[in-house]
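Single-structure report; data block below.
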Amino acid sequence: MLNKRSVPLTVLLLVVTMFYGLTNSAFVKPAAAQGPTNQWCKGVNIVFMTGGALDSGFATVVYNGALQASADLGPTTQYVASNWDPSKMITDFKAAVATHPDGIAVMGHPGDPSFKPLIDDAVKSGIIVTSQNTSLDKTEAAYKGMGFGYAGATLYTQGQSVGTEALSQFGLKEGDEVFVWGLAAQTGRGQRTKGVVDALEAAKIKVDYLEINDATNKDQTAGIPIFSGFMSGHPNVKAVITDHGDLTAALPKLLQAAGKKPGEIMAAGFDAEPASIQGIQDGWIGFVNDQQEWLQGYLPVLQICLTKKYGFSGLHVDTGAGFITKDNVAMVAPLVTAKPEIR
């Protein structure tokens, strides 16, 4: 028999249970509590968007993380590459929805205005959606309770940190000229470029800005004549910051093509890719910001499994961490250069 003090608690638990059932039963049916189980996500079908090609730069590390999560947890995962093209990401998402998987992990580059209406429909049809690399803040706010999470850096803050680090590491002072090659025009994704520029301009650095065109965004070799021409027309540039992981990895080739020697122009950017690691070791690149992209592969797969199997809400994880420089590159290099088996 219940005592008087236990009644309110019992009623509260009942209300919470009913609320949980009403808000979640139409979407997921959490599995019953059980002991530790291997491959507990078997039977779940996931479409994972890697952003770029599976065998190139940044996307390789993301893919490696997703591959490991799938091996650990047991879902069947299909990997889709979109060549870092926001419009193709939209097309690929529509194609993924048509197959009606249990979950889709998206790169958020197209932004909320383009993506949210499509995700609205996907969620209504019972598909769990989560994001990596570039956040979809409005979409996340709408569907966090249904498993929409985020694994990636806080982009504006990340950009600011790179601008600030350049000021410190490169000894830049008021009036110095810095070339920033970024993606400011992209909704959402452009916040990282804006953070870099704002940090430099706050220190009264002269910023020469150039938007990365579509051709260079997809294939960095297309940017060689653009870079060489820009540097030729701006002889007073002291440092270059590229807001694009694959383009940062291409900096040694770009600088060589522009007739520069290692260290002649200070250079920095984003992401731990094999080529950017080599660039640091060879003296072409001063530092890169490491946003731990392996986690941007692993965590979204885990998120979908947690939501599908146990009804977990979306987890927001800031993977943006520190910097890789000549002082710590030897420790990081083996982790970055490991090549996954493409399958």
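Which members of the range 285-307 meet the condition of being assigned to a loop (DSSP other than H, G, I, E, B) and either touching a Leu at 6+ places or on another chain (Cβ under 6 Å) or of a type in the set (Gly, Ala, Ser) (or both)?
Ile285, Gly286
For the range 265-284, how many residues are part of a loop (DSSP other than H, G, I, E, B) and either open to solvent by 50 Å² or more (accessible area, probe 1.4 Å) or closer than 21 Å to Asn45 by Cβ (or both)?
So the count comes out to 1.
If a residue must be open to solvent by 20 Å² or more (accessible area, probe 1.4 Å) and under 23 Å from Gly52 (Cα atoms), how many such residues does the range 291-321 contain?
11
Does Pro101 qualify as being at pLDDT below 95 and not charged (D, E, K, R)?
Against the criterion (at pLDDT below 95 and not charged (D, E, K, R)), Pro101 does not qualify.
Does Leu2 satisfy the condition of being modelled with pLDDT under 95 and farther than 23 Å from Ile304 by Cβ?
For Leu2, the condition - modelled with pLDDT under 95 and farther than 23 Å from Ile304 by Cβ - is met.
Given the structure, is Val197 out of contact with any Asp or Glu (no Cβ under 7 Å at 6 or more places or on another chain) and of a type in the set (Val, Ile, Thr)?
Yes: the conditions hold for Val197.
Looking at Thr60, Thr50, which one is modelled with pLDDT of 90 or more and either part of a strand (DSSP E or B) or open to solvent by less than 30 Å² (accessible area, probe 1.4 Å) (or both)?
After applying the criteria, what remains is Thr50.
Residues in the range 230-247: is at least one within 21 Å of Met107 (Cβ to Cβ) and of a type in the set (A, V, I, L, M, F, W, C)?
yes
Only residues that are of a type in the set (Val, Ile, Thr), under 21 Å from Trp294 (Cβ atoms) and open to solvent by less than 50 Å² (accessible area, probe 1.4 Å): list them for the range 141-185, please.
Listed by number, the list holds a single entry, Val162.
Is it true that Val288 is within 22 Å of Gly52 (Cβ to Cβ) and buried (at least 20 other Cβ atoms within 10 Å of the Cβ)?
Values: within 22 Å of Gly52 (Cβ to Cβ): yes; buried (at least 20 other Cβ atoms within 10 Å of the Cβ): yes.
Yes: the conditions hold for Val288.
Any chance the range 192-204 includes a residue that's assigned to a loop (DSSP other than H, G, I, E, B), under 26 Å from Pro113 (Cα atoms) and at pLDDT 95 or above?
no
Can you name the residue in the range 213-239 that is assigned to a loop (DSSP other than H, G, I, E, B) and within 29 Å of the chain's Cα centre (by Cα) and is also surrounded by the most Cβ atoms within 10 Å (Cβ to Cβ) among such residues? Reasoning before the result, please.
Just the residues of the range 213-239 that are assigned to a loop (DSSP other than H, G, I, E, B), to begin with: 213, 219, 234-236.
Checking the rest, the ones that are also within 29 Å of the chain's Cα centre (by Cα) come to 213, 219.
On the way: Asn213: 11, Asp219: 14.
The selected residue is Asp219.
Of all the residues that make up the range 64-118, how many are in contact (Cβ under 8 Å) with a residue 40 or more places away in the chain, hydrophobic (A, V, I, L, M, F, W, C) and farther than 28 Å from Gln191 by Cβ?
2
Being in contact (Cβ under 8 Å) with a residue 60 or more places away in the chain, farther than 21 Å from Gly195 by Cα and touching a strand residue (DSSP E or B) at 6+ places or on another chain (Cβ under 9 Å) is the filter here, so list the residues in the range 258-275 that pass it.
Narrowing the range 258-275 to residues in contact (Cβ under 8 Å) with a residue 60 or more places away in the chain: 266, 268-275.
Still in the list and also farther than 21 Å from Gly195 by Cα: 273-275.
Of everything in the range 258-275, just one residue is in contact (Cβ under 8 Å) with a residue 60 or more places away in the chain, farther than 21 Å from Gly195 by Cα and touching a strand residue (DSSP E or B) at 6+ places or on another chain (Cβ under 9 Å), namely Glu273.
Which ones in the range 70-102 are surrounded by 24 or more Cβ atoms within 10 Å (Cβ to Cβ) and touching a Cys at 6+ places or on another chain (Cβ under 8 Å)?
Pro75
Does Gln191 satisfy being open to solvent by 10 Å² or more (accessible area, probe 1.4 Å) and under 28 Å from Asp85 (Cα atoms)?
yes
Looking only at the range 124-134, decide whether some residue is touching a Pro at 6+ places or on another chain (Cβ under 8 Å) and either over 28 Å from Phe270 (Cα atoms) or open to solvent by 30 Å² or more (accessible area, probe 1.4 Å) (or both).
yes
The values are calculated or read from the model by the stated rules, or taken from the named source; none is laboratory data. These numbers were taken from a predicted model, which means no experiment stands behind them. Using ideal geometry, Cβ is built from the backbone for each residue, glycine included, and neighbour counts are taken over all protein chains shown. We work out accessible area using only protein heavy atoms, side chains counted, and drop any ligands, DNA or RNA first. Shrake-Rupley method; radii C 1.70, N 1.55, O 1.52, S 1.80 Å.
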